[in-house]
C-alpha cells in the first residue's frame, strides 16, 4: 500500500498540472478575444502566412497592428468660392500666400476678360497645402475677398493605410524568403520557378507601394479647390428686406440694360465692314427677286388669248 501512494500522488500531480495549463491557455485565449481593439500598444500575437507555389513552400511571419492604434490618416478637402473687386491684386496675393504656407498649385485656369468688357474673369485653382497649415491658409484666404461659400470634406483612410502597409511588409518578407531560396537553388528548373514567383511578388509590391505613395501625398497635403470671381459689388451677406430686394433688382436691371446697349454699340461699331457687306448683299438679292417677278408678270400679260371657238372640239367641250 505504501508503495502505491507515491505512484498515485504522481498521477494526481500530473493531472493537476495538465488542468492548470489548459485553464491558463483558455484564459489567455479569452483575454486576447476580449481585448479592446482601440488599445495603444501593438498586439502580442503574430500572424503567420503560409503559401505554397509549385514545389516550393515558404513561410512569412509578420506582426499585425491594430489600425485604430495608429494616428488617424485623414484626407481633407476645402471648396471655397470667393468674390473680388480687384482681380489682379487678389491673384498676386493668392500666389504669395501659397508660397508662404509651403504649398503649391496643382492646376489653375483663368477665363473671361475684364468686367469692363463682354465677360468678367473667373479663376479656378486646385491648391495643395501641408495638412498642418490648412487652418491658417483658410483664414488667410478669407482676407483676399468676399467668401460666398465654403465646404469641408474629410475622408478617413486609416484602415486603408494600415492594410496597405501590412501588405507591403508581408510582400517584402516574402521577397526576402524567395531571394534566400534563389541563392540555394541547385538546378535550372528550381531557379526558373523561384524567379517567376519573385517577379510576381515584385509586381505586387510595386503596386502597393504606389498606392501608399498616393495616400501619403493626400494625407500630408490637403486640397483647396478655389473659385475666384471678379465682381463690381460684393454679394450681400445679410438677409435683404423687401424694399432692399426691389431696389437691388431695379438697380441690377438698369445696369443690365446699360451693359446691353454698351455691348450692342461696341458690336455694331466693331462690325461695320461686315454689316455693310451684308446690307449690300441683301439689297442685291431683293432687287434680283423683284426684277424676276416683274418679268414674270410681263410675260403673262403679253401672252395671246386664244378664243374658245378656235380651240379643238375636245377642249371646247371640257371648257363648257
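Observations on the structure shown:
- Residues in segment 239-284 that are part of a helix (DSSP H, G or I) and touching a helix residue (DSSP H, G or I) at 6+ places or on another chain (Cβ under 8 Å) were compared, and the one that is surrounded by the fewest Cβ atoms within 10 Å (Cβ to Cβ) is 268.
- Exactly one residue out of 177, 220 is modelled with pLDDT of 90 or more and over 23 Å from residue 125 (Cβ atoms): that is 177.
- Annotation note: Cβ proximity below 7 Å between a residue of segment 253-279 that is within 17 Å of residue 120 (Cα to Cα) and a residue that is surrounded by 10 or more Cβ atoms within 10 Å (Cβ to Cβ) and at pLDDT below 80 (sequence gap 6+ or interchain) occurs for 263/118.
- Test: residue in segment 219-226 that is touching a residue at least 24 places away in the same chain (Cβ under 8 Å), touching a helix residue (DSSP H, G or I) at 6+ places or on another chain (Cβ under 6 Å), assigned to a strand (DSSP E or B) and under 28 Å from residue 101 (Cα atoms): yes
- Within this structure, residue 255 fails the test of being closer than 30 Å to residue 107 by Cα and modelled with pLDDT under 75.
- Segment 180-198, subset in a helix (DSSP H, G or I) and either closer than 30 Å to residue 76 by Cα or in contact with a helix residue (DSSP H, G or I) (Cβ under 6 Å, 6 or more places away or on another chain) (or both), residue modelled with the lowest pLDDT: 182
- In segment 116-139, of all residues being part of a loop (DSSP other than H, G, I, E, B) and crowded, with 16+ Cβ neighbours inside 10 Å, the one that is modelled with the highest pLDDT corresponds to 121.
- Against the test of being assigned to a helix (DSSP H, G or I) and under 27 Å from residue 109 (Cα atoms), the options 147, 201, 214 yield a single qualifying residue, 214.
The values are calculated or read from the model by the stated rules, or taken from the named source; none is laboratory data. Remember, predicted model here, so these are calculated numbers, not experimental data. Positions of Cβ are generated from backbone atoms using ideal geometry, with glycine treated the same way; all protein chains shown enter the neighbour counts.
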